[in-house]
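The values are calculated or read from the model by the stated rules, or taken from the named source; none is laboratory data. Everything numeric here is computed off the predicted structure, so don't read it as measured data. Heads up, the Cβs are rebuilt from the backbone with ideal geometry, glycines too, and the neighbour counts pull from every protein chain shown. We work out accessible area using only protein heavy atoms, side chains counted, and drop any ligands, DNA or RNA first. Shrake-Rupley method; radii C 1.70, N 1.55, O 1.52, S 1.80 Å.
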Amino acid sequence: MRSPRIPILKLHNCLLVSIQWELDDKTALQFQEDLLNKIHVTSANGVVIDLTSIDFIDSFIAKVLGDVIDMSKLMGAKVVITGIQPAVAITLIELGIGLNDVLTAIDLEKGLEKLQQELGE
Amino acid sequence: MNSVILNYIQENKDQIFNEWIESLKENGDERVVKVVSDQVFNSTSYEFIDVIIASVKNSTEEFTSRLSDFSEKVVRLGWPLSFVTKALNIFGKIVFQKMQGDGLVNNENQMDTVFEFDRWMNPMVNEMVNMYSSTWERTVSMQKIALQELSAPLIPVFDNITVMPLVGTIDTERAKQIMENLLQGTVKHRSEVVLIDITGVPVVDTMVAHHIIQAADAVRLVGAKCMIVGIRPEIAQTIVNLGIDLNQITTKNTLKKGVEAALEITKRKIVKVEEAE
Amino acid sequence: MENQSCVKIINEWDIVAARQLGRNVAKDLGFGTVDQARITTAISELARNIYLYAGQGQVCIEKIYDGGKAGLQILAADSGPGISDLRQVMEDGYSTSGGLGAGLPGVKRLMDEFVIDSEPGKGTDIKATKWLR
């Protein structure tokens with residue numbers, strides 16, 4: 001069984017990622033690698049990851065996400081996470097995963113706005 | 001069959017009734033004796049005897065339905081259950097003692113009569129208790145729903161600014177409900193800033209503070225900023241004394257200041273309109 | 001649908017299968033979206049623990065009824081190395097795998113009831129229950 005890769009789109013100096021299906025471990029790790037490569041190739045300085053369609057995040061996926069955010073930061077790209085569902089937020093908090101220092105926004109639109117602000121444009 | 005007992009009651013109806021009422025007033029709960037008028041008290045007690053006598057003439061089903069009607073009425077009158085069971089007890093005692101006095105109970109049939117009494121009294125007591133408890137259950141579940149409904153309204157006060165006033169005691173169950181409402185509302189209204197007003201929360205202990213911090217954290221995850229307002233002096237004291245860390249969360253002492261800060265965050269302010277000349 | 005269904009955990013894909021099963025049962029029982037997410041997440045954590053530490057094992061999802069209440073019970077069992085210090089693994093932030101260390105204490109918080117039974121060298125049994133409110 002092989003799951004399709006998560007598409008990463010480029011928009012001006014930003015990368016847009018919308019995760020549309022349940023993440024299994026391999027897809028998550030593959031995504032980490034793909035995103036970092038894409039940042040390297042495009043020298044993007046901002047990334048928006050939209051999680052609107054994700055209805056649960058466990059500690060493994062949370063760790064992969066947290067890691068990819070830190071790694072992107074090292075490569076000079078700020079990451080904004082958007083569209084975390086209420087149920088997902090509650091489970092994450094109850095699991096004890098705060099995703100501190102992660103930038104968030106309600107939806108893609110606000111996420112892009114926030115990114116522009118952060119990048120000082 | 002318990003017809004002996006019932007026939008005896010029917011024959012000595014008035015006498016038993018008077019003795020019963022007398023005894024109830026002596027032993028009765030002060031709350032009941034004071035609150036309930038003599039008339040209601042007498043008529044209700046009389047009705048009870050009628051219900052019992054009816055069981056001699058009518059079928060079991062009819063008796064059961066009359067008994068549950070009667071129980072419902074007593075529950076509606078709001079008499080304490082302890083009083084009603086006591087009254088039933090005294091009633092049984094009086095009948096038994098009178099039957100004994102009239103020689104209907106003797107050494108030979110004593111045991112049988114006692115069993116008979118049990119078989120006769122128990123269903124009535126059970127029915128009463130059932131009626132009370134089902135009424136209470138109904139009330140409790142109604143109140144639970146009512147509480148849930150008033151649990152946590154989310155009020156959009158300006159574009160992108162929402163207020164959630166919390167009123168009353170917060171337990172774990174309610175805290176979870178509040179958190180769900182809060183997050184769903186935040187997403188629905190696309191709020192940028194959410195103010196939780198705890199002016200109406202009487203006690204903020206470690207547990208309540210913990211729930212509030214969790215809620216604020218979750219709000220941050222869905223992409224909004226959370227502010228806690230309405231921190232009274234005693235609440236500030238408890239929070240610091242208990243060593244609860246609220247540093248990650250913006251707090252203000254009043255809702256007014258919170259709204260001002262929220263407007264600032266969303267790059268707006270309230271200005272006075274120039275008077276038209 | 002039977003009251004109990006199980007998934008054998010042998011590879012990473014079985015983690016996905018286990019949580020999908022759990023989510024379906026939770027939906028079927030009438031749990032709300034938040035509780036569905038709690039249950040799915042708890043199953044994912046438990047299944048991953050089996051995969052990471054025991055190599056293989058089994059996750060069973062059971063519908064349970066007690067008095068007037070209905071609930072969902074997760075049974076995670078393996079015959080792996082077991083846990084020598086139960087108190088330590090229930091502490092937040094403790095991890096031997098480089099993860100977030102949120103697993104077991106997190107599952108306990110997500111569910112209503114949580115029982116763990118483990119013997120070093122024999123394996124681990126975990127029972128976690130969520131009641132329908």
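A few points about this structure:
- Some residue of region B:242-255 being touching a strand residue (DSSP E or B) at 6+ places or on another chain (Cβ under 7 Å), assigned to a helix (DSSP H, G or I) and modelled with pLDDT of 90 or more: yes
- Looking across A:Val64, A:Val88, A:Val79, one residue alone is more than 25 Å from C:Leu104 (Cβ to Cβ) and not in a loop (DSSP other than H, G, I, E, B). It is A:Val79.
- A:Lys10 over 22 Å from A:Val88 (Cα atoms) and touching a helix residue (DSSP H, G or I) at 6+ places or on another chain (Cβ under 6 Å): yes
- Among the residues of region C:1-14, the one identified as modelled with pLDDT under 90 and open to solvent by less than 40 Å² (accessible area, probe 1.4 Å) is C:Glu12.
- Taken over region B:105-143, the criterion of being of a type in the set (A, V, I, L, M, F, W, C) and outside any helix (DSSP H, G or I) is satisfied by B:Val105 alone.
- B:Phe158 being closer than 30 Å to B:Glu192 by Cα and surrounded by fewer than 18 Cβ atoms within 10 Å (Cβ to Cβ): yes
- Total residues in region B:224-239, condition under 13 Å from B:Ile161 (Cα atoms) and outside any strand (DSSP E or B): 1
- Top-ranked residue in region B:170-210 [being in a helix (DSSP H, G or I) and of a type in the set (S, T, N, Q); ranked as nearest to B:Leu246 (Cα to Cα)]: B:Thr206
- Qualifying positions in region A:72-106 - surrounded by 16 or more Cβ atoms within 10 Å (Cβ to Cβ) and among the acidic types (Asp, Glu): A:Glu94
- Flag if B:Met142 is closer than 28 Å to B:Arg66 by Cβ and either open to solvent by less than 60 Å² (accessible area, probe 1.4 Å) or among the aromatic types (Phe, Trp, Tyr) (or both): no
- Residue within region B:175-193 that is open to solvent by less than 10 Å² (accessible area, probe 1.4 Å), at pLDDT 85 or above and more than 14 Å from chain A (Cβ to nearest Cβ) present: no
Every residue, every condition in (1) open to solvent by less than 70 Å² (accessible area, probe 1.4 Å); (2) free of Cβ contacts under 8 Å to residues at least 12 places away in the same chain; (3) within 18 Å of B:Asn42 (Cα to Cα); (4) within 20 Å of the chain's Cα centre (by Cα), yes or no:
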{"position": "B:Gly78", "(1), (2), (3), (4)": "yes, yes, yes, yes"}
{"position": "B:Lys93", "(1), (2), (3), (4)": "no, yes, no, no"}
{"position": "B:Gln100", "(1), (2), (3), (4)": "no, yes, no, no"}
{"position": "B:Leu104", "(1), (2), (3), (4)": "no, no, no, no"}
{"position": "B:Asn107", "(1), (2), (3), (4)": "no, yes, no, no"}
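- Contact map, region A:16-42: first residue under 18 Å from A:Lys63 (Cα atoms), second residue open to solvent by 50 Å² or more (accessible area, probe 1.4 Å) and basic (Lys, Arg), Cβ cut-off under 7 Å, separation 6 or more or different chains; pairs are A:Gln30/A:Arg5; A:Asp34/A:Arg5.
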